[in-house]
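Chemist: One structure, pasted below without further comment.
Values in this text are rule-based calculations from the coordinates and carry no lab data. Everything numeric here is computed off the predicted structure, so don't read it as measured data. Counting neighbours? That spans all protein chains shown, and the Cβs are built from the backbone with ideal geometry, glycine included.
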Amino acid sequence: MQAIAAITDNASLHVTWALTVLGGTLLTVVGTSHLSPGSVAMRLGYLLLLPAWVLLGASIYFGDRVLRNAIAWQIAKASGNDVTTGKIFTEINRDFGAQMDMLTWAGGCLVSSCSSICFGGSSCGSLKRKKDES
């Protein structure tokens, strides 16, 4: 029972992290009140955000599956069905591993994107303020 509680707490925390990173990167892309890369070559780093967003979405999906399966496990445990609880626990473990993998790969994409934006291109370090288009 403590293992399920620990896994669900971690899965819930990772869903929160993924949502926070997803929202922050989306606001960075559409926002206008920050410094942006000056050259097109440096802006290509934004393309690495696309796979990061997909991976973050997958991480959220697997985290949700962990939480739903934990509820199913508690119901199966209360009914005394040990075969079903074993199968559900295996699914919880697999989905939690997948959630962690997706979050790790998304982090790699985000680090690559940031380094490409900040250090890529021929005009290394040239940032300019975005103009309001209103």
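Chemist: Net charge around residue 76, counting only other residues with Cβ within less than 14 Å of its Cβ (Lys, Arg = +1; Asp, Glu = -1)? Don't skip to the answer; put the middle values down first.
Modeler: Details: positive: 68, 77, 87; negative: 82, 91.
Cβ neighbours under 14 Å give a net charge of +1.
Chemist: Hey, for a label at residue 93 modelled as a point 7 Å past Cα toward Cβ, could you say which residues of segment 1-33 have their backbone N under 18 Å away?
Modeler: 1-11
Chemist: Grab the beta carbon distance between residue 9 and residue 111, set R0 = 35 Å, and tell me the FRET efficiency rounded to 0.05. Could you put the intermediate results ahead of the total?
Modeler: Numbers: r = 26 Å, r/R0 = 0.74.
Efficiency, rounded to the nearest 0.05: 0.85.
Chemist: Which FRET efficiency, nearest 0.05, do residue 64 and residue 44 yield, Cβ-Cβ r, R0 22 Å?
Modeler: It comes out at approximately 0.10.
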